[in-house]
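Notes to accompany the following structure.
The values are calculated or read from the model by the stated rules, or taken from the named source; none is laboratory data. Keep in mind it's a predicted model, so treat the numbers as computed, not measured. Positions of Cβ are backbone-derived with ideal geometry, glycine not excepted, and every protein chain shown enters the neighbour counts.
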Amino acid sequence: MRVVLGVGGGIAAYKSALLLRLFTEAGHSVQVIPTEASTRFVGIATWEALSGHPVSTSVFDAVDTVNHVRLGHEADLIVVAPATADLLARAAAGLASDLLTNTLLMARGPVFFAPAMHTEMWNHPATQANVATLRARGAIVMEPASGRLTGKDSGPGRLPEPEDIFAAALAAAAEAGADKADQAAAPYSGRLAGKTVTVTAGGTREPLDPVRFLGNRSSGKQGAAIAEAALAAGAQVRLIAAHMEVPVPAGVELVQVETALELRKAVHAAAASTDVLVMAAAVADFRPGENAETKIKKRDDGADPVITLVRNPDILQETVQRRAESGTGPALIVGFAAETGDGSASVLEYGRRKLERKGCDLLVLNQVGRSLVFGQDTTEVRILSPLDGPGTEPAAVAGSKAEIARHILDRIAEELDAALPSV
């Protein structure tokens, strides 16, 4: 589980180091986000050493990863301990004055506050109103413990013991997970009723000879998840499947392909009878210029074989152009872009260039790598549109591929609804 541990500026911050250790020893990945005031009690070096992750208080660090958005989206659980009176007030007011309060505003999972402050602060009507506001919004605010406070005073306001916070926070996460699973299981029927959705999925394979091929790392998980989500939304679904490492969802019309040219033919055939085309397959950019009829042998003289590659057609771009020329075809064409950033441009910049080049209606952008996206059960995407205004930065959405599929289908339904003529 991915946990964000927010640390407020109170003397009890030292106990949060013990809470951090409980989470990490239980196998959870913890990103600590302290407030600037809290670093006067426990320094950033301590949090980095105990968590194994870089730590910052500012929204202006790691800007290239859009930290103030990403951390809240990725977190399965956010725990704020100690939650001071000031921090509770800022959270209740929806302020975003530092990295922690920005992350709280972007939270998608459960948010858990463990208050710690002087008794008069805890009992003050303003604090009680803030606590009530947070609870009404679905946040969990733990009751503080009673006992010795700073100085000679005692009373309610003491930070609960780390073991108690740990157990209560895990219980909250488990309950939220169960609720989420129930919601996911409930079909959002009717959103695409009467529509035909064609989804391409998996990775194409380009033969070198009868036993070898050029391929990619795509497992087909995301395409299969999109097909399932479209079925749940009431659509008739056609799945054009290249190599898949996951089962084909029951209830789809299956068209099996292997190469990019076969996929191209299938897409062109399907385009005339589909309302939505989602191009989630990982299509090879190149194929061998020749497909040897027999297995390529190692040469006795030790010379290396020379394989000439030729460019495969751009199926997405072709489909968009054919629609423009004929005036018929899918009402909505959704492309996928698996990108890596480099010294010349970021992943987002490359995605925008691809959207402009392809001309599709939406482009689902994600960053790829050896341990990113391909074959994984979770991913993070941004959905780009040619209608995005200058400087618009679409929010990153992270989650399981099933969750991402539902997010994509929701966006598709919204686009189709917006295209309907007003009455």
Subject >> Any strands (runs of 3 or more DSSP E) falling wholly within region 66-183 and containing at least 1 residues that are in contact with a strand residue (DSSP E or B) (Cβ under 9 Å, 6 or more places away or on another chain) and of a type in the set (A, V, I, L, M) >> reply: 77-83, 111-115, 145-148
**OP:** From the list 201, 270, 224, 241, pick out the single residue that is surrounded by 14 or more Cβ atoms within 10 Å (Cβ to Cβ), at pLDDT 90 or above and either on the phi > 0 side of the Ramachandran plot or in contact with a helix residue (DSSP H, G or I) (Cβ under 6 Å, 6 or more places away or on another chain) (or both).
**Re:** 201
**OP:** Scan 292, 284, 303 and give me the residue that is in contact with a Ser or Thr (Cβ under 7 Å, 6 or more places away or on another chain) and in a loop (DSSP other than H, G, I, E, B).
**Re:** 284
Original post:
Just one of the numbered conditions (1) under 27 Å from the mean Cα position of the chain (by Cα); (2) in a helix (DSSP H, G or I); (3) in contact (Cβ under 8 Å) with a residue 40 or more places away in the chain is not true of residue 31; which one?
Top reply: (2)
Original post:
Here are some residues: 27, 43. Which one is closer than 26 Å to residue 150 by Cβ and either among the small types (Gly, Ala, Ser) or modelled with pLDDT of 95 or more (or both)?
Top reply: 43
Subject >> Residue satisfying all of: in region 313-335; in contact (Cβ under 8 Å) with a residue 60 or more places away in the chain and assigned to a loop (DSSP other than H, G, I, E, B); surrounded by the most Cβ atoms within 10 Å (Cβ to Cβ) among these >> reply: 330
**OP:** Restricting attention to region 244-261, report how many residues are among the acidic types (Asp, Glu) and over 24 Å from residue 288 (Cα atoms).
**Re:** 1
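Yes or no, residue by residue, for (1) under 16 Å from the mean Cα position of the chain (by Cα); (2) within 27 Å of residue 261 (Cα to Cα); (3) part of a helix (DSSP H, G or I); (4) not assigned by TED's automatic domain parsing to the domain that holds residue 276:
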| residue | (1), (2), (3), (4) |
| --- | --- |
| 310 | no, yes, no, no |
| 337 | yes, yes, no, no |
| 349 | no, no, yes, no |
| 382 | yes, no, no, no |
| 407 | yes, no, yes, no |
| 410 | yes, no, yes, no |
Subject >> Number of positions in region 92-121 that are over 24 Å from the mean Cα position of the chain (by Cα) and surrounded by 22 or more Cβ atoms within 10 Å (Cβ to Cβ) >> reply: 5
Original post:
Can you tell me which residue in region 244-267 is surrounded by the most Cβ atoms within 10 Å (Cβ to Cβ), limited to those that are among the β-branched types (Val, Ile, Thr) and at pLDDT 95 or above?
Top reply: 267
